[in-house]
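Notes follow the structure.
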Amino acid sequence: MNAVPAPVAAASASSADLLLWVAIPYICLAVFVVGHIWRYRQDQFGWTSRTTQLLEHRWLRWGSPLFHLGAFMVIAGHVVGLAIPDAWTEAVGITEHTYHTTAVWAGSVAGVAMVAGLGMLCARRLLNRQIRRGTDRSDKLLFPLLSVTVVLGITATAAHNVFGAGYDYRSTVSVWFRGLFVLQPHPEAISGAPLLFRLHAMSAFLLFAAWPFTRLVHVWSAPIGYLARPYLVYRRRTTPTAATAVGGRTRSASGSRRAA
């Protein structure tokens, strides 16, 4: 783990760095945790993605799978890149060159899929009058913030690691990110990172703070049990034919006469 020693960090971190890269992230994480607890206790019926599939299906059919598949790949890439030190990946035989090449190209594919899907979802919400009228305040906050975070991440990767000379964020941004969760923050590790990476990191933490108050809470209600649920058997209900119905009434009538 390429961490900066704590004494050096304390000496080199400015007040602005402490505010931006220590105080604000911790506030966002606190809101993330407490907000989820409050939302679950106060609004369990609203714990949903509030689907609009019945209002429009054509764009949703392509946009939703693209966005979710891209999001899963992006999250997996961030977990490996930010949470796992480079020494660990090298210990299992993954060289820095191999990791960098895989991360750039896999991340680019995932990012393009996520941007395309998100673009379709945003477009249908703007262009469809019924969906636009059903957009609440949380959606008006979520969609722009999510779009900014995704676009900044894609732009940073493209500018520095696809078309640029390359930037090793695992020795700076990742060190800062892991330090937050072990209560040993190193704000100077990210303060010298390129602007696009810093903007992407800040927008991501703001997204964490908004998460509990938006439809993103449905992530924690993924229907995992659906994968192991037994099949439901559907049987077609048989409808009597006209001849059978007439015959039944005839037999009933004749039976009534005999009874009389």
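Can you give the relative contact order of the chain as a percent, counting alpha carbon pairs under 8 Å and 6+ residues apart? Can you show the working numbers first?
On the way: 217 pairs, mean separation 82.3, N = 260.
The value is 32 percent.
Given the options ALA228, ALA23, ALA159, which has the most mean-square fluctuation in a GNM of the chain, springs set between C-alpha atoms less than 10 angstrom apart?
Highest fluctuation among the options: ALA228.
Calculate one ³J(HN,Hα) per residue across the range 201-209 by plugging θ = phi - 60° into the Karplus curve 6.51 cos²θ - 1.76 cosθ + 1.60, and present them in order as whole Hz with x for glycine and proline.
After applying 6.51 cos²θ - 1.76 cosθ + 1.60, I find 5, 5, 5, 5, 5, 5, 5, 4, 5 Hz.
For LEU127 and THR101, compute 0.36 nm times the residue count separating them, minus their Cα-Cα distance, and round to one decimal in nm. Please list the in-between numbers first.
Numbers: separation 26, 0.36 × 26 = 9.36 nm, distance 3.85 nm.
Roughly 5.5 nm would be gained on extension.
Tell me the relative contact order for the range 46-118 as a rounded percent, counting alpha carbon contacts under 8 Å between residues six or more apart.
About 56 percent, as a whole number.
Not counting the cut sites, what is the longest span of the chain without chymotrypsin sites (Phe, Trp or Tyr not before Pro) that DSSP labels loop and that have at most 10 other Cβ atoms within 10 Å?
1-162
Can you give me the distance in nm between label points at VAL112 and LEU29, each placed 7 Å from the Cα along the Cα-to-Cβ direction?
3.5
Would you mind computing Rg(Cα) / (2.2 N^0.38 Å) for the range 138-222, counting N as its residues? Please list the in-between numbers first.
Working: Rg = 14.4 Å, N = 85, 2.2 N^0.38 = 11.9 Å.
Compactness ratio reported: 1.21.
Name the longest site-free stretch of the chain, where the excluded sites are trypsin sites (Lys or Arg not before Pro) in a DSSP loop with no more than 14 other beta-carbon atoms within 10 Å. List each step's numbers first, then the result.
Working: sites that count: ARG50, ARG235, ARG236, ARG237.
Between exposed loop sites, the widest span is 51-234.
If you roll a 1.4 angstrom probe over the protein chains with everything in place, what fraction of the accessible area of the range 111-221 belongs to carbon and sulfur, to the nearest %?
68
Can you tell me what the convex hull of the Cα atoms of the chain projects to on average, as an area in nm²? Show your work: numbers first, answer last.
Working: hull surface 94.7 nm².
Its Cα hull, projected and averaged over all orientations, spans 23.7 nm².
Just to confirm my numbers, what's the Cα centroid distance between the range 30-62 and the range 129-178 in Å?
20
As I understand it, the dipole of the chain uses +1 on the Cβ of Lys and Arg and -1 on the Cβ of Asp and Glu, about the Cα centre. Which of ILE131, LEU82, LEU141 lies farthest toward its positive end?
ILE131
Over the chain, with the other protein chains present, what is the accessible area per residue in square angstrom, probe 1.4 angstrom?
Ligands and nucleic acids excluded, the result is 64 Å² per residue.
For the range 29-168, what does the relative contact order come out to in percent, with C-alpha contacts under 8 Å and a separation of six or more?
Relative contact order, the range 29-168: 29 percent.
For the chain, what is the mean residue ellipticity at 222 nm derived from helices alone (per DSSP H run of n ≥ 4: -39500 (n - 2.57); sum divided by total residues; nearest 500 deg cm²/dmol)?
Mean residue ellipticity, 222 nm, calculated: -20000 deg cm²/dmol.
Which three semi-axes in whole Å describe the equivalent ellipsoid of the range 84-164, each the square root of 5 times a Cα gyration tensor eigenvalue, listed largest first?
Output for the range 84-164: semi-axes of 36, 13, 10 Å.
How large is Rg over Rh for the range 7-149, taking Rg from the Cα atoms and Rh as the Kirkwood inverse mean of 1/r across Cα pairs?
Values: Rg = 19.7 Å, Rh = 18.6 Å.
Here Rg/Rh amounts to 1.06.
Pick out which of LEU199, LEU55, LEU20 has the largest mean-square fluctuation in a Gaussian network model of the chain, springs linking Cα atoms closer than 10 Å.
Among LEU199, LEU55, LEU20, the largest GNM mean-square fluctuation belongs to LEU55.
What is the projected area of the convex hull of the Cα atoms of the range 47-116, averaged over all directions, in nm²? Please report the intermediate quantities before stating the final value.
Details: hull surface 24.4 nm².
So the Cα hull casts an average projection of 6.1 nm².
Taking the Cα centre of the chain as the origin and placing charges on Cβ (Lys, Arg +1; Asp, Glu -1), which of TRP211, THR155, ALA103 is farthest toward the positive end of the dipole?
So the residue furthest toward the plus end is TRP211.
Which whole-Hz ³J(HN,Hα) couplings does the range 149-163 yield from phi under the Karplus relation 6.51 cos²θ - 1.76 cosθ + 1.60, θ = phi - 60°, glycine and proline marked x?
4, 5, 5, 5, x, 5, 5, 4, 5, 5, 5, 9, 10, 9, 9
The values are calculated or read from the model by the stated rules, or taken from the named source; none is laboratory data. Bear in mind the structure is a predicted one, so any value in this text is a computation, not a measurement. Note that each Cβ is placed from the backbone with ideal geometry, even for glycine, and that neighbours are counted across all protein chains shown. SASA here: full protein model, heavy atoms, side chains in, ligands and nucleic acids out. Shrake-Rupley method; radii C 1.70, N 1.55, O 1.52, S 1.80 Å.
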